[in-house]
There are 2 protein chains.
Amino acid sequence: MNLKRYLPILQWLQDYDRGQASSDLVAALIVTVLLIPQSLAYALLAGLPAQVGLYASILPLAVYAVFGTSRTLSVGPVAVISLMTAAALAPLADVGTEQYIAAAVLLALVSGVMLVVMGIFRFGFLANFLSHPVISGFMSASAILIVASQLKHVLGIPASGHNLLELLGTLFAGLGELHGPTLMVGMGVFLFLLFARSGLKPLLLKLGVPARIAGIFARTAPIFAVVVTTYLAWQLSLGEKGVGLVGFVPSGLPALTLPDFDQALWQPVMVSALLISVVGFVESVSVGQTLAARRRQRIDPDQELIGLGTANISAGLSGGMPVTGGFSRSVVNFDAGAETPAAGAYAAIGIALATLFLTPMIAYLPKATLAATIIVAVIQLVDMPAMVRTWRYSRSDSGAMLATFLLTLAHSVEAGIIAGVLLSVVMLLYRTSRPHSAVVGRVPGTEHFRNVQRYDVELCPKVTFLRVDESLYFANARFLEERVLELVAGSPEMTDLVLVCPGVNHVDASALESLEAINERLQEAGVALHLSEVKGPVMDRLKHSDLLEELSGEVYLSTFGAWQGLIGDRSPQRMIG
Amino acid sequence: MNLKRYLPILQWLQDYDRGQASSDLVAALIVTVLLIPQSLAYALLAGLPAQVGLYASILPLAVYAVFGTSRTLSVGPVAVISLMTAAALAPLADVGTEQYIAAAVLLALVSGVMLVVMGIFRFGFLANFLSHPVISGFMSASAILIVASQLKHVLGIPASGHNLLELLGTLFAGLGELHGPTLMVGMGVFLFLLFARSGLKPLLLKLGVPARIAGIFARTAPIFAVVVTTYLAWQLSLGEKGVGLVGFVPSGLPALTLPDFDQALWQPVMVSALLISVVGFVESVSVGQTLAARRRQRIDPDQELIGLGTANISAGLSGGMPVTGGFSRSVVNFDAGAETPAAGAYAAIGIALATLFLTPMIAYLPKATLAATIIVAVIQLVDMPAMVRTWRYSRSDSGAMLATFLLTLAHSVEAGIIAGVLLSVVMLLYRTSRPHSAVVGRVPGTEHFRNVQRYDVELCPKVTFLRVDESLYFANARFLEERVLELVAGSPEMTDLVLVCPGVNHVDASALESLEAINERLQEAGVALHLSEVKGPVMDRLKHSDLLEELSGEVYLSTFGAWQGLIGDRSPQRMIG
């Protein structure tokens, strides 16, 4: 039972049949065709040699098939993680050096170990720190950064930088060096892929191709661009005309090696590795859940940490780069009919074969083709409508989103995401530090109690009923003290205060101390404190404290019970709110 | 009106009468007598010359009387803030140097500016980050550190260090150098003060002294110890016998000066100044609230930030050290009958007179006397019962408390408090990331719905009712998705899911996106999503989103309405939970 939890492959392998195998094989073939250009492109984006992208698409896929819980997730290099990899490596080594590649491999390994540790200790909840608006702002800004970083390959202009200002600055400065042949290849591929995304599927449907096939065809269009431009580059000797080509790619499978355990490298990658782990995990889990839900399947987020972690460790051990579950590739895998993670393992074999036999051709592949592929893939991540929706819905969420977006663009991916997380937490505390609360009175003739400011209710000047609509914990413990003391200071006649608690789901130690302090202070001021409608779990907890003994008043099951007990034959005042 | 908010002095000065003035003068006299040894002692604790403590008890008291909202709070140097000052200054300069004093003055100024800025922007809620268990663990550990740091003065042994291990290590190493005369003075004062704390008041009461006077007498006992030991030191030439004396203290009032605006000093004190500000604010506000509540008065925490901030700025401008509202001195002020902040201003005059005329005598004051005063004052801060209570009440709160306590002792005050804050926030997210939720069914024959696992209720296999007892926000948005998808995956017959929302006080943008995703995924799986009992404020918010339009099901006012609408004439199953 426990073994099956940690080795999800055992859940499906024993019932694996020929029908599933043939579905998985077909899906794997299609995914392989998509993965080859994607792997090359994201290695380019991360500033790494093309083969590193291929290596990251072999062993990690096979390992995820053993440890992952999603049936259809396809792991490998993805755009945002590749961008984060480039940003993390920039201060450590120069692009193109041995150290740069070594640091990328180390980054994959460290982030893999972090994910596995988080999985073992069931720390998946840490991903909750990344709120949707922060992720959305981060993704949009990353996509813009990626487009800006790839424009140089499409335009044939040298440019560099790790934030938008630097990138655009160097691009504009180099605009005079625009390289015609490169631009033609880049723009050609770009326009073709744009057409493939929006116009190819409807065209194929019109020609009578079944919808699923047409969809897969449209999504794997990059391979046609790769094949055609590679052929053109070879035939027309585009490399000699100054068009940037991928160049020599060593053929053969990666060797298994342990990365360099140099502490001078380990320490600086820790924060980057953590951010890459968490962002990759969040992206992967949301893709996995979306797909699993369509077939009423489930994924286990804590085990997903182990699946992704082992995938990254294996990437680190086989010369790859950080990987995670990608959206477009997983959708292709799903639509192509993959039924089990075996499809991923088969795709790994496909990429391995490509690494063995196709590398001589890849040498002629123009970088502009890959850059155009990346640009078309990521522009859909820029989600301006989400920004507008969030702005309409909540100003504070929108603030966190905008801060993340702007800081990611203007400073760095890491600063953006850290600022977003901090802002979310600060705003959460701010919001819950002043929860909704209301003095309530009795709706005449009933047992119901309502806000005195909204309803025409009965009140008694000596007994005040205060309802708090939030769990009581450290963020609002002080608020509660202030609210109660304000009430008491404003009502010299008051002799009893009833805290009405149906909305209180939890009382932590800070709030408990505040309640004790309130009880004591009210007692000094000659006011008795009562509680009503305390929920079962909260009451169980309070029995482990001294509050119930020390309470100057009573605990009433219902607010009406408190009314009867405290007001009894005194004549209440009617008030119009 | 607004002027009165920012200048609370205007609220009481116009009605100030002779009765209040004479009460305030009496209180000020008593507080001055207490403040002289306290100010000297806390300067010693912070590693500063004695006069710095006196300076910090002149202008800040007068300024707080103008800007503060508590009628009876007495500001000045306090134990924990002095310890934090010592810890902050240690890496910046050597004790006894000009730079050390300059850094202390700068620390007061920077922390004052921070407090004022927080007050203007109403950032008082930031103090909520410090939960009660964290403060309690921090206070206990600080008190132990303070005792350990003062033992050297009582024992006459040279010792140093900024955590318990270092301090105890150097103390044990120097145990052979124990200095007899110093020990006699120190232990004598220590035992006298212990007796004064526990036995003097009962003794005076027995002798017929009124309770209030007896209490004040017991609390101001330190001044007797100071007078007696100073006299003895002078008469017996204890200084020549090796007993450490305070030594030359310049007489005269402090000069108003601007601290050194050297960036090399400013930057390293920023974090320390922030921590000192927040800890000082929390301590001061809780003292102020306790006292205000006894007389049914109120304090305004945001204005308190400005009051404490201006007090610290004035400390920085007049050669003082960081100050805050202290517990013991405020209680003395309160018990002595202070009615308005004018009492503080009068006490400032008292200290100013002492600075002008008493400094020649202070030169003969043994340091052992001050150290014993500090030790007796802080041992009551070590609150082991609170640790036990918190452990009984909540393991997770207890964890934050213990982490703060141990790190403060073993590493540093700053590491302790930062770790405590981080742990509190992480545990808050952890707890709310898995809120209580329950599938509910109808109590037969009623309109009530209860947890199927606790009650004998009616269910319908096609319609599931899920109640969530927590506000929905980023920490639990993912949980909700998982919970719902798990339910759907486990109930192949389900056609409708009703989210029962009476416990949902807020839905943030992350949770909104999760609800939209849930709606979409359920739709793909052929299940309609409905909502019931959505609270008014939440509904108002949702109207600014697309959720209500896109919702595959309905929004029902009551859960029973949803039951009638969805189940109608289908026959529900009865189940025993």
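The values are calculated or read from the model by the stated rules, or taken from the named source; none is laboratory data. The shown structure was predicted, so the numbers you read here are calculated from the model rather than taken from an experiment. Heads up, the Cβs are rebuilt from the backbone with ideal geometry, glycines too, and the neighbour counts pull from every protein chain shown. When the accessible area is computed, the model is the full protein with side chains, heavy atoms only, and any ligands, DNA or RNA have been set aside. Shrake-Rupley method; radii C 1.70, N 1.55, O 1.52, S 1.80 Å.
Test A:LEU356 against the criterion of being within 20 Å of the chain's Cα centre (by Cα) and either at pLDDT 90 or above or open to solvent by less than 10 Å² (accessible area, probe 1.4 Å) (or both), and give yes or no. No: the conditions fail for A:LEU356. Would a scan of segment A:99-112 turn up a residue that is in the same structural domain as A:LEU171 (by TED's automatic domain parsing), out of contact with any His (no Cβ under 9 Å at 6 or more places or on another chain), under 30 Å from A:THR257 (Cβ atoms) and outside any helix (DSSP H, G or I)? Checking segment A:99-112: not a single residue is in the same structural domain as A:LEU171 (by TED's automatic domain parsing), out of contact with any His (no Cβ under 9 Å at 6 or more places or on another chain), under 30 Å from A:THR257 (Cβ atoms) and outside any helix (DSSP H, G or I).
Name the single residue that is farthest from the other protein chains (Cβ to nearest Cβ) among those in segment A:395-404 being within 20 Å of the chain's Cα centre (by Cα) and without any contact (Cβ under 8 Å) to a residue 60 or more places away in the chain. This residue is A:GLY399.
Quick check on A:ALA93: is it open to solvent by 20 Å² or more (accessible area, probe 1.4 Å) and aliphatic (A, V, I, L, M)? No.
Residues in segment B:361-377: is at least one in a loop (DSSP other than H, G, I, E, B) and of a type in the set (Phe, Trp, Tyr)? Yes; the residues of segment B:361-377 include at least one that is in a loop (DSSP other than H, G, I, E, B) and of a type in the set (Phe, Trp, Tyr). For segment A:40-49: of the residues being in a helix (DSSP H, G or I) and open to solvent by 10 Å² or more (accessible area, probe 1.4 Å), which is nearest to A:SER142 (Cα to Cα)? Taking the candidates together, the pick is A:LEU45.
Can we say A:SER491 is away from every other protein chain (no Cβ under 14 Å), farther than 17 Å from B:SER471 by Cβ and of a type outside the set (D, E, K, R)? No, not satisfied. Taking the criterion of being within 19 Å of the chain's Cα centre (by Cα), open to solvent by 20 Å² or more (accessible area, probe 1.4 Å) and away from every other protein chain (no Cβ under 11 Å), the residues of segment A:410-428 that qualify are A:SER412, A:GLU414, A:ALA415, A:ILE418, A:ALA419, A:LEU423. Does segment A:373-392 contain any residue that is touching a residue at least 12 places away in the same chain (Cβ under 8 Å) and touching an Asp or Glu at 6+ places or on another chain (Cβ under 6 Å)? Yes, because at least one residue in segment A:373-392 is touching a residue at least 12 places away in the same chain (Cβ under 8 Å) and touching an Asp or Glu at 6+ places or on another chain (Cβ under 6 Å). The condition of being under 23 Å from B:PRO301 (Cα atoms) and either modelled with pLDDT under 90 or more than 7 Å from chain B (Cβ to nearest Cβ) (or both) does not hold for A:SER552.
At least 1 residues being closer than 12 Å to B:ALA372 by Cβ and touching a strand residue (DSSP E or B) at 6+ places or on another chain (Cβ under 7 Å) is the threshold, and among the helices (runs of 4 or more DSSP H) wholly inside segment B:156-214 those reaching it are B:180-195. The condition (being assigned to a helix (DSSP H, G or I), open to solvent by less than 10 Å² (accessible area, probe 1.4 Å) and not aromatic (Phe, Trp, Tyr)) is satisfied by just one residue among B:VAL66, B:VAL31: B:VAL31. Under the condition of being within 10 Å of chain A (Cβ to nearest Cβ) and in contact with a Pro (Cβ under 8 Å, 6 or more places away or on another chain), the residues counted in segment B:104-131 number 2. Per this entry, B:PRO254 is not counted among residues that are surrounded by 17 or more Cβ atoms within 10 Å (Cβ to Cβ), modelled with pLDDT under 85 and part of a loop (DSSP other than H, G, I, E, B). Can you find a residue in segment A:297-305 that is over 19 Å from A:LEU256 (Cα atoms), modelled with pLDDT under 95, among the polar types (S, T, N, Q) and in a loop (DSSP other than H, G, I, E, B)? Checked segment A:297-305: at least one residue is over 19 Å from A:LEU256 (Cα atoms), modelled with pLDDT under 95, among the polar types (S, T, N, Q) and in a loop (DSSP other than H, G, I, E, B).
Residues in segment B:454-478 that are open to solvent by 30 Å² or more (accessible area, probe 1.4 Å), within 14 Å of another protein chain (Cβ to nearest Cβ) and not charged (D, E, K, R): B:TYR455 only. Restricting B:LEU35, B:LEU25, B:LEU59, B:LEU7 to residues that are closer than 19 Å to B:THR257 by Cβ, touching a residue at least 40 places away in the same chain (Cβ under 8 Å) and not small (Gly, Ala, Ser) narrows the list to B:LEU59. Based on what the data block shows, is A:SER57 in contact with a Gly (Cβ under 7 Å, 6 or more places away or on another chain), on the phi < 0 side of the Ramachandran plot and outside any helix (DSSP H, G or I)? Yes, satisfied. Would you check which residues across segment B:218-241 are open to solvent by less than 80 Å² (accessible area, probe 1.4 Å), in contact (Cβ under 8 Å) with a residue 24 or more places away in the chain and part of a helix (DSSP H, G or I) and list them? Answer for segment B:218-241, where residues must be open to solvent by less than 80 Å² (accessible area, probe 1.4 Å), in contact (Cβ under 8 Å) with a residue 24 or more places away in the chain and part of a helix (DSSP H, G or I): B:ALA221, B:PRO222, B:ILE223, B:ALA225, B:VAL226, B:THR229, B:THR230, B:LEU232, B:ALA233.
Scanning segment A:335-360 for residues that are in a helix (DSSP H, G or I) and out of contact with any Lys or Arg (no Cβ under 7 Å at 6 or more places or on another chain) yields a total of 18.
Taking B:SER514 as meeting all but one of (1) open to solvent by 10 Å² or more (accessible area, probe 1.4 Å); (2) facing chain A (nearest Cβ under 9 Å); (3) among the polar types (S, T, N, Q), write down the number of the exception. Failing condition for B:SER514: (1).
Of the residues making up segment B:274-326, those that are within 21 Å of B:TYR42 (Cα to Cα), open to solvent by less than 10 Å² (accessible area, probe 1.4 Å) and acidic (Asp, Glu) number 0.
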